[in-house]
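K.L.:
I am attaching a structure below and will ask some questions about it afterwards.
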Amino acid sequence: MTPLILALLAGAAAGVSLGALGAGGSILTVPALVYLLGFTPAAATTASLVVVIVTSVTALVAHARAGAVRWRAGLLFAAAGVLPAAGAGALSSRVPATVLTLLFAALAALAGLHMLGRRAPRENGAVSGARAAGAGAGLGAVTGFLGVGGGFLAVPALVTVLAVPMSAAVGTSLLVVGANALVALAARAYSSVHLDLTLLLPFLAAAVLGAWDGRRLAAKVSAGTLRRVFGAVLLAVAVAMGVSAVL
């Protein structure tokens, strides 16, 4: 297969991951753009934000139509995490990249193990504003410090802190991830990074189509299966990131 075809498949996979799990877009997108399409790391991270925003909104619409989004919890998460993310991001610039990668890998592994071992959470109809804001601030600080996405942390936080069902946590995570990516992209509005739209737009189209398929997949799979798949993906990501940091 040519690099372009492989990149389009990776884009579709990123969309499926976001649509079905509410996470995984940037982790799959950035390597594909760098290693398959020849983007520089700076351009890839910026382009990834565009892909995540559009794909998250696309999948969010599908989840919202199915009533699988907790808007209040998601908005509180997103709003509470903006300032902590900015402050933690400034602090993270003083920490070696290898250390940051290992810390994220460890956190992803812990979250994955917790999701694999957790029973189905009870639905919490009345979301506590204080709990949601506190969890959102913590999520923003962690993602800002580690500099990686947010969906892999948002979904476990929604499930474990607010007892949001996995099906609703996936849709709500898309709201959080999309908002975080929009803020990050706005912060780069005046950067001089060049994006090759002839390569980015086909990748984006594949991701959007994948997001619709991901939503349909999520609708057909039980919450318990989704949690187990999500936990396994988290562990796989943790292992891959840990190995790449050490080697």
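K.L.:
Within the range 17-59, count every residue that is over 18 Å from Leu195 (Cβ atoms) and over 12 Å from the mean Cα position of the chain (by Cα).
P.N.:
Selection size over the range 17-59: 3.
K.L.:
Then there's this: Assess whether Ala79 counts as being small (Gly, Ala, Ser), open to solvent by 60 Å² or more (accessible area, probe 1.4 Å) and over 15 Å from the mean Cα position of the chain (by Cα). Step through it out loud before you land on a result.
P.N.:
Working: small (Gly, Ala, Ser): yes; open to solvent by 60 Å² or more (accessible area, probe 1.4 Å): yes; over 15 Å from the mean Cα position of the chain (by Cα): yes.
Against the criterion (small (Gly, Ala, Ser), open to solvent by 60 Å² or more (accessible area, probe 1.4 Å) and over 15 Å from the mean Cα position of the chain (by Cα)), Ala79 qualifies.
K.L.:
Related question: Restricting attention to the range 161-176, does a residue exist that is open to solvent by 20 Å² or more (accessible area, probe 1.4 Å), at pLDDT 80 or above and either among the acidic types (Asp, Glu) or under 21 Å from Leu28 (Cβ atoms) (or both)? Spell out the reasoning first.
P.N.:
Applying the first criterion (open to solvent by 20 Å² or more (accessible area, probe 1.4 Å)) to the range 161-176 yields 161, 163, 165, 167, 175.
Applying the additional criterion that residues be at pLDDT 80 or above yields 165, 175.
Checking which are either among the acidic types (Asp, Glu) or under 21 Å from Leu28 (Cβ atoms) (or both) leaves us with 175.
There is at least one residue in the range 161-176 that is open to solvent by 20 Å² or more (accessible area, probe 1.4 Å), at pLDDT 80 or above and either among the acidic types (Asp, Glu) or under 21 Å from Leu28 (Cβ atoms) (or both).
K.L.:
Additional query: When both residues are 6+ apart or on different chains and their Cβ atoms are under 6 Å apart, which pairs have a first residue that lies in the range 224-243 and is more than 17 Å from Gly151 (Cα to Cα), and a second that is open to solvent by less than 50 Å² (accessible area, probe 1.4 Å)?
P.N.:
Correct list of pairs: Gly242/Ala105.
K.L.:
In the set Gly147, Gly129, Gly138, Gly134, which member is modelled with pLDDT under 75, surrounded by fewer than 24 Cβ atoms within 10 Å (Cβ to Cβ) and farther than 24 Å from Val54 by Cβ? Steps first, please.
P.N.:
Working: Gly147 fails: farther than 24 Å from Val54 by Cβ; Gly138 fails: modelled with pLDDT under 75; Gly134 fails: modelled with pLDDT under 75.
Step by step, each of Gly147, Gly129, Gly138, Gly134 is checked, and only Gly129 is modelled with pLDDT under 75, surrounded by fewer than 24 Cβ atoms within 10 Å (Cβ to Cβ) and farther than 24 Å from Val54 by Cβ.
K.L.:
Looking at Ala23, Ala7, which one is crowded, with 20+ Cβ neighbours inside 10 Å and either assigned to a loop (DSSP other than H, G, I, E, B) or among the acidic types (Asp, Glu) (or both)? Show your work before the answer.
P.N.:
Details: Ala7 fails: either assigned to a loop (DSSP other than H, G, I, E, B) or among the acidic types (Asp, Glu) (or both).
Testing whether each residue is crowded, with 20+ Cβ neighbours inside 10 Å and either assigned to a loop (DSSP other than H, G, I, E, B) or among the acidic types (Asp, Glu) (or both) leaves just Ala23.
K.L.:
How many residues are crowded, with 24+ Cβ neighbours inside 10 Å, of a type in the set (Val, Ile, Thr) and not in a helix (DSSP H, G or I) when one looks only at the range 32-68?
P.N.:
Summing the residues that are crowded, with 24+ Cβ neighbours inside 10 Å, of a type in the set (Val, Ile, Thr) and not in a helix (DSSP H, G or I) in the range 32-68 gives 0.
K.L.:
Tell me which residues, restricted to the range 165-201, are outside any helix (DSSP H, G or I), touching a residue at least 12 places away in the same chain (Cβ under 8 Å) and not hydrophobic (A, V, I, L, M, F, W, C). Outline the logic, then answer.
P.N.:
First, the residues of the range 165-201 that are outside any helix (DSSP H, G or I): 165, 188-196.
Next, only the ones that are touching a residue at least 12 places away in the same chain (Cβ under 8 Å) stay: 165, 188, 191, 193-196.
Result: Pro165, Arg188, Ser191, His194, Asp196.
K.L.:
Another question, then. With the requirement that a residue be modelled with pLDDT under 80 and open to solvent by less than 50 Å² (accessible area, probe 1.4 Å), what does the range 186-224 give you?
P.N.:
Of everything in the range 186-224, those that are modelled with pLDDT under 80 and open to solvent by less than 50 Å² (accessible area, probe 1.4 Å) turn out to be Gly214, Arg215, Ala218, Val221, Ala223, Gly224.
The values are calculated or read from the model by the stated rules, or taken from the named source; none is laboratory data. Computed from a prediction, not measured in an experiment: that's the story for all the values here. For neighbour counting, all protein chains shown are included, and Cβ atoms are generated from backbone atoms with ideal geometry for every residue, glycine included. For the accessible areas, the whole protein counts, side chains as well, though only heavy atoms, and no ligand, DNA or RNA atoms are used. Shrake-Rupley method; radii C 1.70, N 1.55, O 1.52, S 1.80 Å.
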